[in-house]
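These notes are about the structure you will find just below.
What follows is calculated from the coordinates using simple rules that are stated; it is not laboratory data. What you are looking at is a predicted structure, and each value in this text was computed from that prediction instead of being measured. Glycine also receives a Cβ, built like all others from the backbone with ideal geometry; neighbour counts cover every protein chain displayed.
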Amino acid sequence: MIEYLKMSEAEAHRFIEKQAMDMRVTKREIAARILKTYEK
């Protein structure tokens, strides 16, 4: 996210936390989804 979306580390962390809360899933699940999105 830092590389692709030009976020700072703090912004990326906050994004993951907010998505996890909003979607009612774990931060780990959000991170896995993000990694899957940007895998080459």
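Structure notes:
- Stretched out straight at 0.36 nm per residue, the stretch from R24 to K6 would grow longer than its current Cα-Cα span by 3.9 nm.
- Taking other C-beta atoms within 10 angstrom as a stand-in for reagent exposure, M7, M1, M21 fall in the order M21, M7, M1, fewest first.
- Neighbour-count order for R33, R28, fewest beta carbons within 10 angstrom listed first: R28, R33
- The charge dipole of the chain, taken about its Cα centre with unit charges on the Cβ atoms of Lys, Arg (+1), Asp and Glu (-1) only, comes to about 140 debye.
- Residue exposure sequence - E17, E9 - by fewest surrounding Cβ within 10 Å: E9, E17
- Calculated P(r) of the chain - Cα pairs past 13 Å, %: 51 percent
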